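Read the structure below first, then the notes.
The values are calculated or read from the model by the stated rules, or taken from the named source; none is laboratory data. The model shown is predicted, which means the values in this text are computed figures rather than measured ones. When we count neighbours, we look across all protein chains shown, and the Cβ atoms used for this are built from the backbone with ideal geometry, even at glycine. Heavy atoms of the whole protein, side chains included, go into the accessibility calculation; ligands, DNA and RNA do not. Shrake-Rupley method; radii C 1.70, N 1.55, O 1.52, S 1.80 Å.
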Amino acid sequence: MTHVLESLAGDRRFHLTVGDVQVVGRDVSCDLPILDDAVSRRHAELQLDEDGLRVKDLGSRNGTWLNGARVELAHAVIGDTVAFGPVRFTLCTVSEALARPAIASTALDGAASVVRERAIPSRDRAIVEVAGQRLAALVTLAQKLGGQMPVEQLLERIVDDLFGAFPADRVAILLPAPTGAMEIRLTRDANGADVLRTVPRAIADGVARRQVALLTHDASADARTAGDSVMRQSVRSAMAAPLLGDRHTTIGVLYVDNVHDASAFSDEDLHFLVAFAGIAAAAVERETAAAERRHALRVRENFERYFTPLLAKRISTSTEAMTLGGHRQRVIVLFSDIRGFTAIAESLPPLDLATQLNEYFGAMVDCVFAHDGALDKFIGDAVLAYWGAPEPHADDAVRAVRAAQDMQEALRSLNARWREEGRPEWHAGIAMHAGDVFVGNIGSPRRLEYTLIGDTVNITSKLCDLAGPDEILVSESVRLAIDSAIDSGIALHERPDVVPARRPGDSLRVWAVSS
């Protein structure tokens, strides 16, 4: 018979050994850890002898109690209630067969049992169940996996610890593929080689789907685990346990096997693997979530290079995948180009040129975003922006012109400062045209660029070439869109002398934005 302290809730059980002095407390280094804030770090000292359980309080804050009475030193017998602060236990005996939660055995055709399965308890319960035997190993594991690290580094540590904990020839960690099926993410043999190409599907899928830990003493002979992969790999003994997330979803599988010894793993090993998996699951879930957050942040930062922060957030949190392709859409295209930039660039040292360009581009993009526009790209010293995609607005033309006016005003402010600093002044011509374009993701699956393609872009570029320094030109299509807006307050005057070069027979009326 085994003496145990079992909590009244049945969720904790401590095994006691005759003669051993065991300390109870909140500190995980205690022999019998109770993770409860009401329990002192070193709460009480226990010693099992022939007369019962000797209980000695170690000056705890909330006291040690025997059958409802606070004690400093006392003896408990079978059936007594011992409490450490508010956490109460009953001293009882159990047979060796009941000393651990039941493990279901499966026999084949009346032969000896070759498979063990056990239900998965909560993480805390799983850890407590093995606390008396392998607590030090679990504490060390928790400490090693507790720090922040990349997911791949975390998986490497888990694999190393699996080899340290079990007499395994091979180990593997499986995580869900995009299809939902479990696939090997990392595998090693005892020599560090990556040799395990597949984990027996019956084991991996069964453990993941049914959320039970499994131990087989003869995988090739068991109908539930035998298969071509088992036979090819000569698996004799194997264990697997699911990694369960906080919402009791399967986020992975731990697998260990031995190809030489059919009795390499014991029932106690299966218990320990369950506790091991609980700690590993918490670490994997934590780092996977952290990696997803970092990726989402990078995606959002990339979008914020081209869209307003609000639109970038909406796009980055969309559940739709970024894929090749796009659609035709009517947009307002804006081109801004610095007049005489080639001569300016040749007169400035490279570092000074880069500094001044960065200041200029920063101010121009701020103006575009302030009016809910999107940045397509920088082309040398030119800025290509647009309105109407991915989210169109009825007053996109007005927004575009307002942005252009702000861009010219921002450049005047920059020139005032540059004059004082002895740097050359810049002057830009800006033009806008409205029309249909192809808008979408262009490139390859490895590198996508959300951009505009079409004659509307080309016309805008040619119109920009004709804009004078500090001038804003718009096409007839933009003028019509402005006129349809209510109280735009934008004054235009026609420039019949400006005729962009287009296909023969085409004509394009051009208007200038009045100061």
| Stretchable slack from Lys462 to Phe361, in nm (0.36 nm times residue separation minus alpha-carbon distance) | 34.3 nm
| said: Tell me whether the range 356-515 comes out rounded, prolate or oblate; compute the Cα gyration tensor, take square roots of the eigenvalues as a ≥ b ≥ c, and use a/c under 1.5 as the rounded threshold. | reply: rounded
| query | If you take the square roots of the eigenvalues of the alpha-carbon gyration tensor of the range 319-441 and sort them as a ≥ b ≥ c, do you get rounded (a/c under 1.5), prolate (a/b over b/c) or oblate? | reply | prolate
| Rough spin-label spacing in nm, given labels placed 7 Å along Cα→Cβ, for Leu348 and Arg54 | 8.6 nm
| message | How far apart, in nanometres, would the label points at Ser488 and Arg339 be if each is projected 7 angstrom from Cα along the Cα-to-Cβ direction? | response | 2.4 nm
| remark: Using a 1.4 Å probe on heavy atoms of the protein chains only, the accessible area for Ser484 in Å², nearest 10, reads 90 Å²
| request: Starting with the highest mean, order 252-258, 338-344, 432-438 by the number of other Cβ atoms within 10 Å, averaged over the residues of each peptide. | output: 252-258, 432-438, 338-344
